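K.L.:
Pasting a structure here, questions to come.
The values are calculated or read from the model by the stated rules, or taken from the named source; none is laboratory data. Owing to the predicted nature of the structure, the values given are computational and were not obtained by experimental measurement. Virtual Cβ from ideal backbone geometry, glycine too; neighbours counted across all protein chains shown.
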Amino acid sequence: MRRLQGQALLSPSPVSLGTWRHLATRLLSVVFSAGLTLEEVAETRSWLSPFEGESFFAQPAYDQRHGLEAARHVARQQPLRRDLVRAALLHDIGKRQSGLGPIGRSVASAHTKLGGVARGKWLSYLEHGHAGALELDVLGAEPIVVDFARHHHGERPASISEEDWTLLQASDRA
């Protein structure tokens, strides 16, 4: 990420922002997502510490749904890897800090994908991985949980194996 006069200049990139199809699909899934059922809340809580639960459930319902679906994807593939399930579940908790809803997020992503400079809430949303990683680190999350939150829209960090990274990236698209 380059900086220009104190503002982040996020270059349009299919790696960092996903494809247009992914963005459209994600918006539609947000609009039509249902809140978690009582059983799903209990399932989610079983993977989280009380403090992580506070952060997770402070998210809008559609972000909770996305996190749970990502975690389930990982749990189906690697049921004994609780760390990977937690990484998938918590990777987007930094999004809520921007205060943007689905439309604002979509506009911020499209604007930046087209070469625009992100500022304010848009910048906060687009840098949600960093914000979420800081929060998770303070909450005492495992390194892989923190690292996936920080890097999930970028390049694989050396701390995450290629196999784990591939599974976690697939979970974010689940």
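K.L.:
Being at positive phi and either in contact with a Lys or Arg (Cβ under 6 Å, 6 or more places away or on another chain) or part of a loop (DSSP other than H, G, I, E, B) (or both): is that true of Gly129 here? Please lay out each step first, then the result.
P.N.:
Values: at positive phi: no; either in contact with a Lys or Arg (Cβ under 6 Å, 6 or more places away or on another chain) or part of a loop (DSSP other than H, G, I, E, B) (or both): yes.
So Gly129 does not fit the description; no.
K.L.:
Tell me which of these Lys95 doesn't satisfy, since it passes every other one: (1) surrounded by fewer than 20 Cβ atoms within 10 Å (Cβ to Cβ); (2) touching a helix residue (DSSP H, G or I) at 6+ places or on another chain (Cβ under 7 Å); (3) charged (D, E, K, R).
P.N.:
Failing condition for Lys95: (1).
K.L.:
Condition first: among the β-branched types (Val, Ile, Thr) and under 18 Å from the mean Cα position of the chain (by Cα). Now tell me which residues in region 24-71 satisfy that.
P.N.:
At the first step, the residues of region 24-71 found to be among the β-branched types (Val, Ile, Thr) are 25, 30-31, 37, 41, 44.
Within region 24-71, Thr25, Val30, Val31, Thr44 meet the criteria.
K.L.:
Sticking with this structure for a sec: If you scan region 37-73, which residues turn out to be in contact with a Gly (Cβ under 6 Å, 6 or more places away or on another chain) and either among the polar types (S, T, N, Q) or surrounded by 14 or more Cβ atoms within 10 Å (Cβ to Cβ) (or both)? Explain how you work it out, then say what you get.
P.N.:
Of all residues in region 37-73, those in contact with a Gly (Cβ under 6 Å, 6 or more places away or on another chain) come to 45, 61.
Hit for region 37-73 is Arg45, nothing else.
K.L.:
For region 138-174, name all the residues that are of a type in the set (Asp, Glu) and surrounded by 13 or more Cβ atoms within 10 Å (Cβ to Cβ).
P.N.:
Taking region 138-174 and keeping what is of a type in the set (Asp, Glu), we get 142, 147, 155, 162-164, 172.
Selection gives Glu142, Asp147, Asp164, Asp172.
K.L.:
Which number in (1) modelled with pLDDT of 95 or more; (2) touching a helix residue (DSSP H, G or I) at 6+ places or on another chain (Cβ under 9 Å); (3) more than 24 Å from Pro50 (Cα to Cα) marks the one condition that Ala141 misses?
P.N.:
(3)
K.L.:
Does Arg76 satisfy the criteria of being surrounded by 21 or more Cβ atoms within 10 Å (Cβ to Cβ) and at pLDDT 95 or above?
P.N.:
Values: surrounded by 21 or more Cβ atoms within 10 Å (Cβ to Cβ): no; at pLDDT 95 or above: yes.
For Arg76, the condition - surrounded by 21 or more Cβ atoms within 10 Å (Cβ to Cβ) and at pLDDT 95 or above - is not met.
K.L.:
Look at region 107-122 and say how many of its residues are surrounded by fewer than 17 Cβ atoms within 10 Å (Cβ to Cβ) and touching a residue at least 60 places away in the same chain (Cβ under 8 Å). Break it down into steps so the answer makes sense when it comes.
P.N.:
Narrowing region 107-122 to residues surrounded by fewer than 17 Cβ atoms within 10 Å (Cβ to Cβ): 107, 110-111, 114-117, 119-121.
Still in the list and also touching a residue at least 60 places away in the same chain (Cβ under 8 Å): 110, 114-115, 117, 119.
Counting residues in region 107-122 that are surrounded by fewer than 17 Cβ atoms within 10 Å (Cβ to Cβ) and touching a residue at least 60 places away in the same chain (Cβ under 8 Å) gives 5.
K.L.:
Can you name every residue in region 21-39 that is part of a helix (DSSP H, G or I) and modelled with pLDDT of 80 or more? If you could, list the steps in order and put the result at the bottom.
P.N.:
Taking region 21-39 as the starting set, the residues that turn out to be part of a helix (DSSP H, G or I) are 21-31, 38-39.
Within region 21-39, Leu38, Glu39 qualify.
K.L.:
Of the numbered conditions (1) within 22 Å of Ala133 (Cα to Cα); (2) at pLDDT 70 or above, Val15 fails exactly one; give the number of that condition.
P.N.:
(2)
K.L.:
Would you please list the contacts, defined by Cβ atoms under 9 Å and residues six or more apart or on different chains, that run from a residue in region 153-168 that is within 18 Å of Gln78 (Cα to Cα) and modelled with pLDDT of 95 or more to a residue that is among the polar types (S, T, N, Q) and surrounded by fewer than 19 Cβ atoms within 10 Å (Cβ to Cβ)?
P.N.:
Hits for this filter: Asp164/Gln78; Leu167/Gln77; Leu167/Gln78.
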